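Notes follow once the structure below has been shown.
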C-alpha cells in the first residue's frame, strides 16, 4: 500500500505540490492524470524516495520514505518516458 499524507514539496522557492493525500491499496490499479507540468512525475518520484517531501509523509508498505530510502527503492520501481527525468 502507498499512503501519501499531507504532502507538500517545494522546488526552489515555489511549492509545486500542496497538501496531497491519497491511498493506493495493494493490488489496485491507479492512474495519476493531469496536464503537462501539473506535478505527476514529481509525485511519483516521492513513491520511491527519489524526492523527499518538504512537509508530510509518504509511506510504502508501512515504511516512511524519509527513514529508509534503500528499502523503499527495493520495493518500488519507476519507468520514465525520458531517461533524463
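The values are calculated or read from the model by the stated rules, or taken from the named source; none is laboratory data. The shown structure was predicted, so the numbers you read here are calculated from the model rather than taken from an experiment. Note that each Cβ is placed from the backbone with ideal geometry, even for glycine, and that neighbours are counted across all protein chains shown.
Observations on the structure shown:
- Test: residue in region 2-12 that is surrounded by 10 or more Cβ atoms within 10 Å (Cβ to Cβ), in a strand (DSSP E or B) and free of Cβ contacts under 8 Å to residues at least 12 places away in the same chain: no
- Residues located in region 35-51, provided they are surrounded by fewer than 15 Cβ atoms within 10 Å (Cβ to Cβ) and either modelled with pLDDT under 85 or assigned to a loop (DSSP other than H, G, I, E, B) (or both): 35, 36, 37, 38
- Hits in region 69-85 - residues which are part of a loop (DSSP other than H, G, I, E, B) and exposed (fewer than 10 other Cβ atoms within 10 Å of the Cβ): 77, 79, 81, 82, 83, 84
- For region 13-34, taking the residues that are more than 11 Å from the chain's Cα centre (by Cα) and not in a loop (DSSP other than H, G, I, E, B), the one that is surrounded by the fewest Cβ atoms within 10 Å (Cβ to Cβ) is identified as 14.
- Extreme residue, nearest to the chain's Cα centre (by Cα), among residues of region 53-68 that are surrounded by 15 or more Cβ atoms within 10 Å (Cβ to Cβ) and outside any loop (DSSP other than H, G, I, E, B): 58
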